[in-house]
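Notes follow the structure.
The values are calculated or read from the model by the stated rules, or taken from the named source; none is laboratory data. Computed from a prediction, not measured in an experiment: that's the story for all the values here. Cβ placement follows ideal geometry from the backbone for every residue including glycine, while neighbour counts extend to all protein chains displayed.
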């Protein structure tokens with residue numbers, strides 16, 4: 001399932017490891033050397049999965065329009081909190097608020113995590129990225145993202 005892509009800066013070919021999001025909501029890179037879990041907190045995971053579900057991209061200005069989607073992704077994995085509905089509501093509100101920095105912090109964390117696990121020439125394909133005031137998206141082909149996790 002590994003795909004070949006041409007690196008624009010280097011004409012050699014590189015192999016892109018598929019990303020598996022399993023039933024337990026673990027993010028796993030399937031490399032030639034074996035499977036590597038990409039550990040991130042729950043909010044980073046649900047944000048990433050939201051962008052996986054929208055290959056056309058999402059403008060951060062429109063992120064509040066996706067609050068219900070984010071809640072539905074978060075609900076099944078947020079079992080450890082006594083008052084989880086209130087916790088989820090507060091977490092999602094903070095994430096989608098244009099006047100807070102939460103979304104940019106999560107995108108930066110995701111970028112750093114993929115940079116840690118992948119070479120600099122392919123890591124940007126796994127990032128949530130885009131021009132300022134334009135839609136952000138994940139450049140990686142959806143053929144290389146295997147989602148087995150089922151949200152409510």
(message) Condition first: touching a strand residue (DSSP E or B) at 6+ places or on another chain (Cβ under 6 Å) and modelled with pLDDT of 90 or more. Can you find one or more residues in region 101-109 that meet it?
(response) yes
(request) Scan region 70-96 residue by residue and report those that are touching a residue at least 12 places away in the same chain (Cβ under 8 Å) and either in contact with a helix residue (DSSP H, G or I) (Cβ under 6 Å, 6 or more places away or on another chain) or buried (at least 18 other Cβ atoms within 10 Å of the Cβ) (or both). (result) 70, 71, 73, 74, 77, 78, 88, 91, 92, 95, 96
(message) Considering only residues that are without any contact (Cβ under 8 Å) to a residue 60 or more places away in the chain and in a strand (DSSP E or B), which ones fall in region 34-43?
(response) 34, 35, 37
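Results for (1) part of a loop (DSSP other than H, G, I, E, B); (2) without any contact (Cβ under 8 Å) to a residue 24 or more places away in the chain; (3) over 15 Å from the mean Cα position of the chain (by Cα); (4) farther than 19 Å from residue 29 by Cα, shown as yes or no for each residue.
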position: 106; (1), (2), (3), (4): no, no, no, yes
position: 119; (1), (2), (3), (4): yes, no, yes, no
position: 125; (1), (2), (3), (4): no, no, no, no
position: 131; (1), (2), (3), (4): yes, yes, yes, yes
(request) Would you check which residues across region 44-69 are touching a helix residue (DSSP H, G or I) at 6+ places or on another chain (Cβ under 8 Å), outside any loop (DSSP other than H, G, I, E, B) and either touching a residue at least 60 places away in the same chain (Cβ under 8 Å) or within 21 Å of residue 20 (Cα to Cα) (or both) and list them? (result) 44, 45, 46, 47, 48, 49, 50, 52, 53, 58, 60, 69
(request) Scan region 27-52 for residues that are closer than 19 Å to residue 74 by Cα and either at pLDDT below 90 or in contact with a strand residue (DSSP E or B) (Cβ under 6 Å, 6 or more places away or on another chain) (or both) and jot them down. (result) 27, 28, 38, 51, 52
